[in-house]
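For reference, the structure is listed below as structure tokens.
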Amino acid sequence: MASAIPTFTKIGKVIRLNKHGCTNRPFYHIVVQKTRDNFDGPVIEQVGSYDAMPNSQNEKLVAVNFERVQYWLAQGAGISNPVAQLLGLSGFLPNHPQTLIQSWKNRREPPRERKLQPIKGIAPPLDNPKI
Amino acid sequence: MATRAAMFTFSKFRYFPILKHRVAKFSVSSNLLNASALEPGYSRDPGEVFFKENVQTLLERLTGRDCDKVFHNRKLGERLEPPKYELLTQAEVDHVMAEMEVKLKRKLQMPPLLKERDPIKKIYSFNPELQGFDDSKYVFINISQGITNRNREVVVRDPNGVLREASWEERQRMCQIYFPVPGRKINVPKMFEEGNIQNCLDRDEFEFVLDRACAQFDPDDPEYISVTRKTYDFVDENTKYTSLRPTRHFGPMVLHLVLSKKMDNLLFHFINTKDIDAAANLVRLFHTVADDTSPTEVDEFQLIENYIQGPALKKPALELAWQSFLEIEKQRREVHSQQNNASN
């Protein structure tokens with residue numbers, strides 16, 4: 001693997017997000033897995049976690065075992081897009097182009113508001129629809 | 001800036017088994033801009049004074065070792081066991097006593113008195129091109145093994161694109177979430193808020209407040225310093241020293257009083273309770289802290305007299321107490337000598 005940023009291979013080990021949690025409450029494990037395994041299949045090592053729901057202090061918590069991530073990258077593991085973005089945000093890797101593109105898009109045009117219609121007599125519209 | 005790598009362990013909240021916690025770094029800096037150590041009237045940087053050998057021995061002697069009170073039954077919500085009685089040889093008894101010494105030392109290990117830590121202000125990078133990627137901050141913590149929580153990298157990416165080191169509060173919260181310390185809550189308990197502490201202190205729950213503060217905060221946390229100072233000042237004003245006397249908090253309290261020049265109440269208390277050793281040790285501590293000298297007088301009575309005549313602030317009350325003590329002492333000696341003569 002001669003590339004600076006590990007590229008995604010067909011079959012090999014990859015560092016990616018596994019979605020756990022429950023409905024309307026995602027929670028991701030950052031894991032090292034073989035590409036072909038399912039999200040609920042065998043995991044080689046869990047290398048962190050990412051909580052996509054902001055907490056009461058408006059923070060999204062990301063825990064990463066950087067020492068092990070370094071090890072697996074050295075072993076030739078790939079990284080998935082979201083994990084690469086997270087690592088870029090943390091400063092471990094350079095900023096991912098996707099983050100830059102998304103930020104630019106968000107600034108150009110604010111994310112579309114989903115307008116939820118009230119269901120007559122049963123449910124009022126939500127106060128804060130998730131964008 | 002001199003850093004001393006001192007392995008300092010101190011006991012945690014009484015509810016839980018004693019843990020080892022390393023206070024890895026405390027720096028003795030002569031930064032004049034950081035006047036927080038001097039604000040409440042401390043004459044010197046407490047971190048400098050606390051760890052000196054002679055100061056430590058003096059504080060240990062002042063605390064004493066009342067085994068009954070140190071090992072008193074605590075209400076932990078655990079099942080109580082009846083005491084065990086064993087028949088032992090002298091050698092076995094000595095062995096057990098040696099073990100108890102070790103336990104006693106751990107229970108009486110004093111939480112350090114440090115000055116407030118400086119806020120963290122380091123910025124790693126500024127990427128304004130990342131503005132808009134999200135509305136919330138991303139807090140990253142390095143969960144690698146083998147690093148202490150004090151050195152753990154905790155980094156925050158703000159929505160405006162700044163990548164900075166997490167502030168002390170964020171850092172402590174994150175470390176508590178991912179590496180929980182028993183006895184510590186993630187968010188600061190309501191007990192430490194203004195009105196609520198006063199409530200606890202009015203009910204004489206000094207040891208509880210101080211133990212919990214020790215478990216919840218690091219010793220150089222501004223909140224820890226304010227809570228402990230409030231408690232120490234309250235105890236001093238109401239002269240309720242006996243409840244804290246055999247605990248591990250007595251040493252830091254005495255040092256706090258000496259540094260903020262409020263030790264006269266305590267000296268008064270010692271003279272009234274006829275504890276001359278403690279009074280002499282207190283005066284010796286005063287001299288050590290004030291100008292690093294150990295006084296030359298060997299006679300304790302002379303030492304205390306010199307202090308009362310000299311640097312004391314509450315001279316009238318102290319002189320009165322001292323005179324009445326001397327009279328009682330004289331009468332006691334007369335009675336004692338009469339008894340000796342009678343028996344001879």
Would you confirm whether any residue within the stretch B:301-308 is under 22 Å from the mean Cα position of the chain (by Cα) and free of Cβ contacts under 8 Å to residues at least 60 places away in the same chain?
no
Taking into account only those residues within the stretch A:71-93 that are in contact with a Leu (Cβ under 9 Å, 6 or more places away or on another chain) and either among the charged types (D, E, K, R) or more than 10 Å from chain B (Cβ to nearest Cβ) (or both), which is nearest to B:Val162 (Cα to Cα)?
A:Leu93
Regarding B:Pro119, is this residue in contact with a Ser or Thr (Cβ under 9 Å, 6 or more places away or on another chain), in contact (Cβ under 8 Å) with a residue 12 or more places away in the chain and within 30 Å of B:Leu255 (Cα to Cα)?
yes
Can you tell me which residue within the stretch A:54-97, out of those that are under 19 Å from A:Gly12 (Cβ atoms) and hydroxyl-bearing (Ser, Thr, Tyr), is farthest from the chain's Cα centre (by Cα)?
A:Tyr71
So A:Lys60 passes all but one of these: (1) among the basic types (Lys, Arg); (2) surrounded by 15 or more Cβ atoms within 10 Å (Cβ to Cβ); (3) touching a residue at least 24 places away in the same chain (Cβ under 8 Å). Which condition number does it fail?
(3)
For the stretch B:148-169, which positions are at the interface with another protein chain (Cβ under 8 Å from one of its Cβ atoms) and in contact (Cβ under 8 Å) with a residue 40 or more places away in the chain?
B:Leu163
Has the stretch B:284-304 got at least one residue that is small (Gly, Ala, Ser) and over 22 Å from B:Gln198 (Cα atoms)?
yes
Please enumerate the residues belonging to the stretch B:45-71 that are farther than 20 Å from B:Phe270 by Cα and touching a residue at least 12 places away in the same chain (Cβ under 8 Å).
B:Asp45, B:Pro46, B:Gly47, B:Glu48, B:Val49, B:Phe50, B:Phe51, B:Lys52, B:Asn54, B:Cys67, B:Val70, B:Phe71
Kindly establish whether B:Phe217 is crowded, with 20+ Cβ neighbours inside 10 Å and on the phi < 0 side of the Ramachandran plot.
yes
Could you list, in sequence order, all residues of the stretch B:84-132 that are in a loop (DSSP other than H, G, I, E, B), more than 30 Å from B:Pro46 (Cβ to Cβ) and within 14 Å of another protein chain (Cβ to nearest Cβ)?
B:Asn127, B:Gln131, B:Gly132
Would you check if A:Lys115 is assigned to a loop (DSSP other than H, G, I, E, B), under 18 Å from the mean Cα position of the chain (by Cα) and either loosely packed, with under 10 Cβ neighbours inside 10 Å or at pLDDT 65 or above (or both)?
no
Among the residues of the stretch A:79-93, count how many are over 15 Å from B:Tyr138 (Cα atoms) and without any contact (Cβ under 8 Å) to a residue 40 or more places away in the chain.
1
All but one of (1) under 27 Å from B:Glu327 (Cβ atoms); (2) buried (at least 21 other Cβ atoms within 10 Å of the Cβ) hold for B:Asp211, so report the exception by its number.
(1)
Give the residues of the stretch A:25-68 that are at the interface with another protein chain (Cβ under 9 Å from one of its Cβ atoms) and basic (Lys, Arg), sorted by residue number.
A:Lys60, A:Arg68
Going through (1) modelled with pLDDT of 95 or more; (2) in contact with an Asp or Glu (Cβ under 7 Å, 6 or more places away or on another chain); (3) of a type in the set (A, V, I, L, M) one by one, B:Leu114 fails only at (1)
Conditions first: (1) on the phi > 0 side of the Ramachandran plot; (2) touching a helix residue (DSSP H, G or I) at 6+ places or on another chain (Cβ under 9 Å). B:Leu62 passes all but one, so which condition is the exception?
(1)
Within the stretch B:147-194, residues in a strand (DSSP E or B) and closer than 14 Å to A:Leu61 by Cβ come out as B:Val154, B:Val155, B:Val156, B:Arg157
Pull out all pairs, ordered by first then second residue, where Cβ-Cβ is under 6 Å, the residues are six or more apart or on different chains, the first lies in the stretch B:134-147 and is within 7 Å of chain A (Cβ to nearest Cβ), and the second is surrounded by 15 or more Cβ atoms within 10 Å (Cβ to Cβ) and among the small types (Gly, Ala, Ser).
B:Phe140/A:Ser90; B:Ile141/A:Ala63; B:Ile143/A:Ala63
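The values are calculated or read from the model by the stated rules, or taken from the named source; none is laboratory data. Note that the structure is a prediction, hence the values are computed from the model and not measured. Reconstructed Cβ throughout: ideal geometry from the backbone, glycine too, with neighbour counts over all protein chains shown.
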